[in-house]
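Taking it in order: structure first as structure tokens, then the write-up.
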Amino acid sequence: MDTESLLAPHAVLINGTVGVGKTSVAEGAEDREAIADALGTRLSVCRLRADLPAIHQRLTHRHAHEPEALRWHLAGSGELAAILERAAVDDFTLDVTTSSIPETATDVLAQLGWS
């Protein structure tokens, strides 16, 4: 990435960040465009994907004291993965099945050329 691109206003959407942070989902080109317009800047979209058992384990840990929320997220996690796969709005995808949060952050920055 050139210096001008690094200095330009830029936002990064981590699409489908189940177990890493708040879930953000751009389900199609219109969503992606709306998010970029709302932010008023160029947008790069990174899709994080993980094997379903890993997602379920992370959700179980995150919602250990919220049984109804856990049931809802577990029931929808496979569907969300399929939606993101079909949407194909990502600029790049990272498999984070075995990655820690710091490893994932480092990998995202490297993909963007920001590290």
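Key figures
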| read-out | value |
| --- | --- |
| Burial ordering of 27, 79, fewest other beta-carbon atoms within 10 Å first | 79, 27 |
| Integer Hz, Karplus 6.51/-1.76/1.60 couplings in order for the stretch 31-41, x for Gly and Pro | 5, 4, 5, 5, 5, 4, 4, 5, 7, x, 8 |
| Ordering of 82-91, 43-52, 67-76 by packing [mean C-beta count within 10 Å, highest first] | 43-52, 82-91, 67-76 |
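Here, each number is a calculation from the coordinates, and none is a lab measurement. This is a predicted model, so every value here is computed, not measured. Please note: Cβ atoms are built from the backbone with ideal geometry, for glycine as well, and neighbour counts cover all protein chains shown.
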